[in-house]
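Only the coordinates and a few stated rules stand behind these numbers; no lab work does. Worth saying up front: this structure is predicted, and the values here are computed from it rather than measured. Note that each Cβ is placed from the backbone with ideal geometry, even for glycine, and that neighbours are counted across all protein chains shown.
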Amino acid sequence: MLVTMVEQDSLTLTEDEAALYDRQIRLWGLDAQKRLRAAKVLLVGIGGLGAEVAKNIVLSGIKSLTILDHQQVTEAARCSQFLIDHTAHLGHNRALSSLERTQLLNPMVSVSADAADVADKPDDFFRSFDVICATCCSEQQLLRINDLCRANGSLFFAGDVFGYYGYMFADLNQHEFAEEVQQKVKAVADAGDGDGEPAAKRSKHSATETVTVKKTMTFTHLKDALTIDWTAEGMAKKAKKTPDTYFITRVLMEFCKVHKRAPRVSSLESDKEALTKLRHSLLTALAVDESLVPQDFVNFCFAELSPVCAVVGGVLGQEIIKAVSQRDAPHNNFFFYNGVNGSGMVDLLC
Amino acid sequence: MAASINGVLEQTLQKSINSCKLLVVGAGGIGCELIKNLVLTGFHDVELIDLDTIDVSNLNRQFLFRKEHVGKSKAEVAKESALKFNPNANIVAYHDSIMGPEYGVDFFKRFALVMNALDNRAARNHVNRMCLAADIPLIESGTAGYLGQVTVIKKGLTECYECQPKPTQKSFPGCTIRNTPSEPIHCIVWAKHLFNQLFGEDDPDQDVSPDTEDPEAAGDAGEVALQSEAKESVAGGVARKSTRMWAQQSGYEPEKIFNKMFRDDIRYLLSMENLWKKRKAPLPLEWNNLPNTAQDGDHSAQLGGIRDQRVWSICECASVFAESLKLCKDQLMNSGDCGTLVWDKDDEPALNFVTSAANLRAHIFHIPLKSKFDVKSMAGNIIPAIATTNAIIAGLLVMEGLKILSGNIDKCKTVYLNRQPNPRKKLLVPCVLDKPNPKCYVCSEKPEVTVRLNTTTMTVHTLEEKIIKGSLGMVAPDVEIDDGKGTILISSEEGETEGNMGKILSEFGIRNGSRLKCDDFLQVYNLNINILHVEKLKEDKEFEVIGDIAELQAQASADNTGPDTNSQEDDDDDDDLIMEDEPTEITTPSRKRKANGASDADLSTKKLKRSIDANCQEDEDIVVL
Ligand SMILES: [Zn+2]
């Protein structure tokens, strides 16, 4: 029976695995590592952010990674896509070109690449994954994959980086996780018992103990985050407190919807103009103050900046690890990084 | 590369990236990520230095390295791997220590910017001084588990790495270690001391025999009749030197060493009756009569655990003790006449020795036993490092670098990566950089420090190794007594002052109020040390660095529970009336210099702040001996 095999397989780590994952097992424990090694992950889109996510989760020791991307390697990919040999692969498919280096990161993970367009994949395709992380996708595909994840009970992540800006989104539906908390323990009043260490010499540690508590967190669908009614009461104030990268991202997503592509340096000036116009039209349509998106954002949103991918991909990778291992409170539901002003915020938007 | 494509970066920034030369110190966890980010951003003139070689436990995060690279130079392999991202980049790799004399001020002056990706405080102190001397901006970084930090240091503009005192290593009172251990860590420290007594460099601070001066024992020790054999080897100065000699004379016979350490010394402790009035008395072990224990201790010995997570029985401990003792003895013999071993968590016999000895002692004192896996963490000061945290911190390092290269160093921040967002939703918490501390003993106009010690017992050797090098971070000091005669106490020239090393400070007329002028040529650093003579310091400390530093230290420890007054979160969002939980501070571990390569990530920075709502879970990751 398949189930038994998986269970048995996940029971023992080999000595090789123990040596390779030594440091992280010391951090998140053996159980978390066992959950990771059973996780099958689909990564849609392998640009700069995708490369960071792929690296982080393959290193962590998941069971398998499928890279799905129909796009071609462009010059701009050299800013951040380190899994591609750019001297050989300009114009080739991104997923296939990333396969070799991704696999080299960790021979214990089964890595595969698929050059198909996510839009052409039937719904059934998505059923076999425990985690789906979608980058470089259209809004329509993001919403579709989120639907499918909800239906299949898999964990959904999305993210993108535009120049200095980046975001991560998670929908873990109803997510159960364990959290370690420090609890005060009543001091032992009777010095005559067991260890009887005099109070003065007793260390502080004995005053607290670590207990693991089970918690549940509820997430919402991505569409709820994209259809917020900012005209509702109190929402103008909320908009002000919302990280500006949310609105910047919305403008950029709008650009992608209209132009069927991300802004690119080969049409730098016209794209900047288009973005400036979209800033006005979208924020007006959302009925929020236009100043929520800084006017000069058009100067900072081309290509994917490598250090920005590293920050967003680091957070996104860790959230995947956290969700799979069901350890620690996940970030619900957005993380935004703005490399222009350096802010990195978690916010719940729905 | 971002800087080679127009439109991605601002033009002035693009230009400076294309023309500037960078130094990266460290090619480990943060270093690998950093090199990748730098090359992809378009930096193509980078020098990289790291002393370390690649270990298999690096491979889960140091992604420029693979299994076939184990044992090779980190700097060299990182360079080769990074060249694949941009074959035209000019990367120079040094498999060397940045603290070497070749890397003087002139070396540093060639760079526009220095980035630290280090794992130990000694090297961080040194690079800090070199960058101050060369007047070059330094970006400092560090991670520990899920937490991380990046900060910027510029002479005259910001605090330097040493402006605020770092929390010192956590230490345990000698009598707890020698007489009355109550926690596993006490036994592990004792076992490491035993290792050093038997095989390592002699250190009087690391005595393992019963401490007859324990105030709690109130002088009843030694009055009880004891076997003469046991008496001979304990107590007082005679015994100190003799642990090693005694072991040699007995041919490192496991049974003899076992019975002395775990039977005779314990019997002696039992004779100090006051100690056991309120404690459960220890039970001596006998080599020929070992108890039959099931595996007790922690619960990780379940099915499916890692081999090293199983806790050994007492019989197993004894046989591992004997076996590892023999292997360590062989290593010692092979290291020549005056050779010594340095304890290393990655050396199998050394770790087995400490695990078995610590557990035997734990059993004697009714303390839970620990697995080899756990002992390795605790004895090796392992701060678990993971790829994601390192990636984020390396990204932030470059972002601060871009500000400096855009001419906006005033916009640089100290950025903390938290485990959970703070009440203001911040997962990354930027704080304004502090101004230099005018009393800093490193970056102030006239660096000065006061040291309290006993001038009639301290040797020149101890002054140099433990205080001037160990605590005050000099590398090759010249020390002159400010006595009007210019007496040279310590010279950095080999052989010149060798004869002084064993002598006591008072032999040179050093007494209360004396002043020492120290000069480190490499660091271009002068420091005056004021000596305060004391007969005895608390907790058997050999010395204490005091004065302004002491005040700051007191303040720093008060900050553990109180508000941190030093850094302000950079936030003008003051309409938010929710009071933010004050960030707390956790001690940052460090290790002795001789244990090079021992720990994974010694936190860079003076303090690693996080919100209280992130709990105190990280404490278990940070074990300092
Ligand atoms: Zn300073």
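For region B:340-423, just say rounded, prolate or oblate: build the C-alpha gyration tensor, square-root its eigenvalues into a ≥ b ≥ c, call rounded for a/c under 1.5, and beyond that prolate if a/b exceeds b/c, oblate if not.
The shape class here is prolate.
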So what's the gap between the Cα centers of region A:300-336 and region B:461-492, to the nearest angstrom? 49
Running Debye on region A:228-300 with equal point scatterers at the Cα sites and no solvent, what base-10 log of I(q)/I(0) appears at q = 0.16, 0.20, 0.22, 0.28 Å⁻¹? -0.55, -0.81, -0.94, -1.37
Enumerate the lysines that A:Lys237 could reach by cross-link, defined here as Cα to Cα under 21 Å, with residues fewer than 8 away along the same chain left out. B:Lys425, B:Lys426
For peptide A:237-250, compute the average count of partner chain beta-carbon atoms within 10 Å of each residue's beta-carbon. 1
Could you list B:Tyr268, B:Tyr103 so that the one with the fewest beta carbons within 10 Å of its beta carbon is first and the one with the most is last? B:Tyr103, B:Tyr268
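Using only the alpha carbon atoms of region B:1-46, find the Kirkwood hydrodynamic radius as the inverse mean reciprocal pair distance, in angstroms to one decimal.
10.9
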Report, in deg cm²/dmol and to the nearest 500, the calculated mean residue ellipticity at 222 nm for chain A, where each DSSP H run with n ≥ 4 adds -39500 (n - 2.57) and the sum is divided by the residue count. -12500 deg cm²/dmol
Shielding by partners, peptide A:161-168 (average Cβ within 10 angstrom, other chains): 1
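Fully extended, how many nm does the chain gain between A:Asn299 and A:Asp224 (0.36 nm per residue separation, minus their Cα-Cα distance)? Walk me through the numbers before you get to the answer.
Numbers: separation 75, 0.36 × 75 = 27.00 nm, distance 2.95 nm.
Between A:Asn299 and A:Asp224, full extension yields an extra 24.0 nm.
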Of the trypsin sites (Lys or Arg not before Pro) in region B:459-510, those whose Cβ has at most 15 other Cβ within 10 Å and which sit in DSSP loop: B:Lys485, B:Lys503
Inter-site label distance for B:Arg511 and B:Ser19 at 7 Å from Cα along Cβ, in nm: 6.2
Contact order normalised by residue count of region A:51-189, Cα under 8 Å, 6+ apart, percent: 19
Could you work out, residue by residue across B:80-89, how many beta carbons of other chains sit within 10 Å of that residue's beta carbon, and then give the average as an integer? 3
Given all pairs of different Cα atoms, what value in angstroms does the Kirkwood hydrodynamic radius of region B:448-547 take? 13.4
Globularity index of region B:30-178, i.e. its alpha-carbon radius of gyration over 2.2 N^0.38 Å: 1.16
In Å and whole numbers, how far do the C-alpha atoms of chain A stretch along each principal axis, longest first? 81, 50, 36
Report the residue, chosen from A:Asp289, A:Asp124, A:Asp31, that carries the largest GNM mean-square fluctuation when chain A is represented by alpha-carbon nodes joined by springs under 10 Å. A:Asp124
Set the Förster distance to 60 Å, then compute FRET efficiency between B:Lys170 and A:Glu75 from the Cβ-Cβ distance, nearest 0.05. 0.70
Between B:Glu273 and B:Gln331, what is the spin-label point distance in nm, taking each point 7 Å from the Cα along the Cα→C-beta axis? 4.4
Which value results for Rg/Rh of region A:91-135 when Rg is the Cα radius of gyration and Rh the Kirkwood radius based on the inverse mean 1/r? 0.99
Percent relative contact order for region A:48-98, counting Cα pairs under 8 Å at least six residues apart, stands at 41
Taking R0 as 45 Å and r as the Cβ-Cβ distance between B:Lys67 and A:Asp120, the FRET efficiency 1/(1 + (r/R0)^6), rounded to the nearest 0.05, comes to 0.75
Along the Cα→Cβ direction, 7 angstrom out, place labels at B:Glu348 and A:Val185. What is the inter-label distance in nm? 3.6
For region B:377-525, just say rounded, prolate or oblate: build the C-alpha gyration tensor, square-root its eigenvalues into a ≥ b ≥ c, call rounded for a/c under 1.5, and beyond that prolate if a/b exceeds b/c, oblate if not. prolate
If we restrict to alpha carbons, what Rg and Dmax does region B:290-434 come to, in Å? 23.3, 70
Could you give me the ³J(HN,Hα) list for region B:398-405, computed from phi with Karplus coefficients 6.51, -1.76, 1.60 and θ = phi - 60°, whole Hz, x at Gly and Pro? 5, 4, 5, x, 5, 5, 4, 6
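Do you know the relative contact order of region A:259-312, to the nearest whole percent, from alpha carbon pairs under 8 angstrom that are 6+ apart? Write out the running numbers ahead of the final one.
Details: 20 pairs, mean separation 22.8, N = 54.
The normalised contact order for region A:259-312 reaches 42 percent.
Given a Förster distance of 45 angstrom, what is the FRET efficiency for B:Thr487 paired with B:Asp434, based on the Cβ-Cβ distance and rounded to 0.05? Don't skip to the end; give the middle numbers.
Values: r = 39 Å, r/R0 = 0.86.
The calculated FRET efficiency here is 0.70.
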Rounded, prolate or oblate: which one fits region A:1-156, using the alpha carbon gyration tensor with axes a ≥ b ≥ c (rounded when a/c is under 1.5, else prolate when a/b beats b/c, else oblate)? oblate
